[in-house]
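The values are calculated or read from the model by the stated rules, or taken from the named source; none is laboratory data. Everything numeric in this text was worked out from a predicted model, so none of it was measured. With ideal geometry, Cβ positions are generated from the backbone for all residues, glycine too; neighbour counts draw on all protein chains shown.
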Amino acid sequence: MPNNRFFSLAALSLGICFSHSALAGADSAAVNLARAAELAAIRAKHEQTEREVAAIMRARQEEIRRERGGSRPKASAAGETTAPPAPPVERWSYEGETGPLRWGKINPAWAKCHSGNRQSPIDIREGIQVELETINFDYRPASYNVVNNGYTVQVNFGAGNRISLTGRTYELLQFHFHHPAEETVGGRGFPMVAHLVHKDAEGRLAVVALLVESGNPNPVVQAVWNNLPLEQNEPLVPITALDMSQILPERREYYTYMGSLTTPPCSEGVLWIVMKEPIKLSPQQIAIFARLYPMNARPVQATAGRLIKESQ
Ligand SMILES: [Zn+2]
């Protein structure tokens, strides 16, 4: 995946690595000191990553300027400098000029959004019913931060939450939401979905999708909503831990297929695991997200003969 670097930089810039157990038993002053030091370290790491991302962006813009044949902004006869060429569009959206149908054309690095044939989301249907391996969810209370990044609300984790299947172990990096759900099942839509993004040591991605139904309030999601940052792209670091084992549905049957990221750069080779049993959020909890993001779902993509497997 050519944009893996962007992805991992983004994840890194938001990642945090508190260790709760290391702090247990210490007196509160020591805890405060340790936490302040950790926060300073996170801030420094975040700033360094921001600088790295900015450098990559500048290099890319320079490359595009060269490709267009322009070099530097030219001085006019009057000696004034003309406006520099417009930077390439890095912004995408869910409608209009920068909407999903245009993603692949906006930026050469996002070509897969247009040309890929292993894209997500899909309408899940005609899966072959087989005995699928049980996914081992090794989730535990962990420190987290919440970011409203302008595309979704995202919760980032440090190390500690893992899943394992097919002999591989994937670490939970982050989860985020879409409204409505991006994937459909036999044509049926859902009001929301949570995507839990995991990565293994070789950089392979596995996304667990939790479809959402309206019902009782969800305590994990409530903790996230309670900690929604007031400003975009400014992570909020709650004091409490989040226990992702509490968000999973009771039944562990799932659908699985190979797909892609559902946002630019639409990189393929992503293992998708869609849990069959939806989780529940209250109508109020769904309304809170819908108010922030009335529509942040990519339309379903062609299955193109892909195999879908499902638990019996
Ligand atoms: Zn997603």
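Results, tabulated for the structure shown:
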read-out	value
Among the residues listed as THR256, THR303, the single one being surrounded by fewer than 19 Cβ atoms within 10 Å (Cβ to Cβ), closer than 19 Å to ASN117 by Cα and out of contact with any helix residue (DSSP H, G or I) (no Cβ under 7 Å at 6 or more places or on another chain)	THR303
Leading residue by the ranking (modelled with the highest pLDDT) among those in region 293-312 that are part of a loop (DSSP other than H, G, I, E, B) and over 18 Å from GLU182 (Cβ atoms)	LEU307
Count - residues of region 190-200 that are within 20 Å of LEU292 (Cβ to Cβ), in a strand (DSSP E or B) and more than 12 Å from the ligand (Cβ to nearest atom)	0
Residues of region 125-175 satisfying the condition of being in a loop (DSSP other than H, G, I, E, B), more than 18 Å from the chain's Cα centre (by Cα) and polar (S, T, N, Q)	THR134, THR166
Any hit, region 228-239, residues being farther than 20 Å from ILE286 by Cβ, at pLDDT 95 or above and among the polar types (S, T, N, Q)	yes
Unmet requirement for ALA290, which otherwise passes all of (1) assigned to a loop (DSSP other than H, G, I, E, B); (2) more than 14 Å from the ligand (Cβ to nearest atom); (3) more than 22 Å from ALA109 (Cα to Cα)	(1)
Options VAL153, VAL185; residue that is touching a strand residue (DSSP E or B) at 6+ places or on another chain (Cβ under 7 Å) and either within 20 Å of GLU310 (Cβ to Cβ) or modelled with pLDDT under 95 (or both)	VAL185
Options GLY215, GLY187, GLY203; residue that is more than 16 Å from the ligand (Cβ to nearest atom) and within 15 Å of PRO121 (Cβ to Cβ)	GLY187
Single match in LEU172, LEU196, LEU211 (criterion: crowded, with 22+ Cβ neighbours inside 10 Å, without any contact (Cβ under 8 Å) to a residue 60 or more places away in the chain and among the aliphatic types (A, V, I, L, M))	LEU196
Any chance ALA223 is in contact (Cβ under 8 Å) with a residue 24 or more places away in the chain, small (Gly, Ala, Ser), outside any loop (DSSP other than H, G, I, E, B) and surrounded by 15 or more Cβ atoms within 10 Å (Cβ to Cβ)	no
Flag if PRO264 is in contact with a Ser or Thr (Cβ under 9 Å, 6 or more places away or on another chain), in contact (Cβ under 8 Å) with a residue 12 or more places away in the chain and in a loop (DSSP other than H, G, I, E, B)	no
Residue check, ARG162 buried (at least 16 other Cβ atoms within 10 Å of the Cβ), without any contact (Cβ under 8 Å) to a residue 40 or more places away in the chain, away from the ligand (no atom under 16 Å from the Cβ) and within 21 Å of LEU261 (Cα to Cα)	yes
From GLY160, GLY116, residue being of a type outside the set (D, E, K, R) and at pLDDT below 95	GLY160
